[in-house]
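The values are calculated or read from the model by the stated rules, or taken from the named source; none is laboratory data. These numbers were taken from a predicted model, which means no experiment stands behind them. With ideal geometry, Cβ positions are generated from the backbone for all residues, glycine too; neighbour counts draw on all protein chains shown.
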Amino acid sequence: MQFAANKYPARLAGVRLVAALETYGGSSLMVRFDDVWLRYRHADRAPEAEALRRISFEIEDGGFRWLTGPSGAGKTSLLKLIYLAEHPARGRIEILGSRAARINRREAALLRRRIGVVYQDFRLLPQLDAYDNVALPMRLARRSEAQVEADVTEILRWVGLFHRMRARPDELSGGEQQRIAIARAVVARPKLLVADEPTGNLDDEQAERLMLLITALNKLGTTVIVATHNAGLVERYPFPRLSLEHGRLVHDG
Amino acid sequence: MLGLRAALSDRLLPVLVGAMSFLAALAIGGALACATLAASWQGDTAAALTIQVPQPTEPDAANDGTRLAAVQRALAINPNVRGAAVMGEAEMNRLISPWLGSDAAGLGLTLPAVVTAQWAGAGGTAALAAQLQAVSPGTLVKTGLFWAERVAALTTSLQACALAVLMVVALVAAAVVAVATRSGLAQLRETIETVHGLGALDSDIAGRFAARAIWLALGGALGGTLLALPVLAWLAWLATPFTGPARFSDFFNLPPALLALVPLLPASAALIGWVTAQLTVRGWLRHLP
Ligand SMILES: Nc1ncnc2c1ncn2[C@@H]1O[C@H](COP(=O)(O)OP(=O)(O)O)[C@@H](O)[C@H]1O
Ligand SMILES: [Mg+2]
């Protein structure tokens, strides 16, 4: 097995302490949606057919949520609202204690740095090798190169791809790209990890490894939300579930 | 570091900016040449009095000596005229050689005599002209004021043209940078969206493009300006019959003002590149959430 969930990086242990010390606007909610609606602009649809309607839920610090629902139910749309890639048509969203509607572009960028995102299609930069892809969030945060090297090599070891660090994305298999995407999402120790169907391109064994990785991060204090329509996985990891259908939240718990 | 190293790899940008710099250098050279010519022509022309006496050796109106002598006598007793002097052959040759060649006397033309003087009178020279007309019909009196005004007006309008050329050239350069930046943005769209999603500030991304635009614009402008220098030197050499003796050593002797202004071209191009790239990228990023 290439990456062993029992060998957590020592540095990541610090995350839990920091998370415990930080408080967010007096509450310890990492995500809070209150009557949120989303309508895509320029969408060629009837105006009443919003992508998301009347969504309210909360995720506490250190929590884990599955986000389930059939294809087209609005899972990706909801995650986009969380990682500030869309603005709601109505309603109130609080991420890491900040009201999404009240922050300027700069604050939004700084907030994004504290949210790790694993996109369904990875979105690795094709012109950079695995190492530089994983290093991106740290370099954006202007960490020293010594720090970058220490953390990136540690994360690459953790996901079992240290030996592939000089490979570019097109030289990596789908599963390897997936792990690089995970490494990039967590290398800067985000408070919140958002993963959109991360097991979509993986076989069962790879999916299982990925879940070990994600649950390990969650145990270390990272709040996690994972969209999936893999029912077997949800059964094996019985975390609370948010369930969407036709843009409405039909189950929370 | 952001994976935007390939931003603006366009080779067209430096070439076009170079062409714009070449034109700008010529425009600056033209404006300066204008000013230099104007200055060397004007001198103290405003107060200068030039009297042309046609057929200077013919008898005057009173048949009392030559026409030139009569004019000289009249000038000598006029209190408003100072320092009247008949222009010597050498100076006449120098004045007309740009037009007729260095050996004007050899052409066998009967040239009018020219008397130069300073006009110290308050009003116009009409009375003087009438007086000279009486003793030597056909004599022309000209003050430099007229020419000084004409030359000043000409200089001003030529310099305005040069300024207009500079502005158009700067706008075209900015447009070239904007188009190149937009094509770079389109090419790197996915990369930029990803980097933006990872929390890159607008200033991070715009700074990448602007840094590259500076170097491309600077390189192009340096090339264009360097190419313009020999052309300017050649033009300066062509202009030497007007401004002074033509010697080969003058060839690379560009006016100091030009040598001072020309280095500003690459600097301006770099600034235009930086500002345009910044504005273009920041405007484009507004479409991202
Ligand atoms: N960018 C977009 N513009 C317009 N409509 C969109 C866009 N993205 C998603 N949608 C629509 O919103 C609905 C929810 O899509 P999505 O959130 O991707 O669902 P899921 O991730 O659950 O499959 C779908 O009907 C989809 O067609
Ligand atoms: Mg989706």
Which pairs have Cβ atoms under 6 Å, sit 6 or more apart or on different chains, and link a residue in the stretch A:61-88 that is farther than 15 Å from A:Val250 by Cα to one that is acidic (Asp, Glu) and near ligand 2 (Cβ under 9 Å from one of its atoms)? A:Thr76/A:Asp196; A:Leu79/A:Asp196
Can you tell me which of (1) under 21 Å from A:Met211 (Cβ atoms); (2) touching an Asp or Glu at 6+ places or on another chain (Cβ under 7 Å) is the one A:Pro126 doesn't meet? (1)
Number of the exception - B:Arg182 against (1) more than 34 Å from the chain's Cα centre (by Cα); (2) more than 30 Å from B:Leu26 (Cα to Cα): (2)
Can you name every one of the strands (runs of 3 or more DSSP E) wholly within the stretch A:159-253 that holds 2 or more residues which are away from ligand 2 (no atom under 16 Å from the Cβ)? A:192-196, A:223-227, A:248-252
Just a yes or no: is a residue in the stretch A:64-78 away from ligand 2 (no atom under 16 Å from the Cβ), more than 17 Å from A:Ile93 (Cβ to Cβ) and at pLDDT 90 or above? yes
Out of (1) outside any loop (DSSP other than H, G, I, E, B); (2) surrounded by 15 or more Cβ atoms within 10 Å (Cβ to Cβ), what's the single condition that is false for B:Glu91? (2)
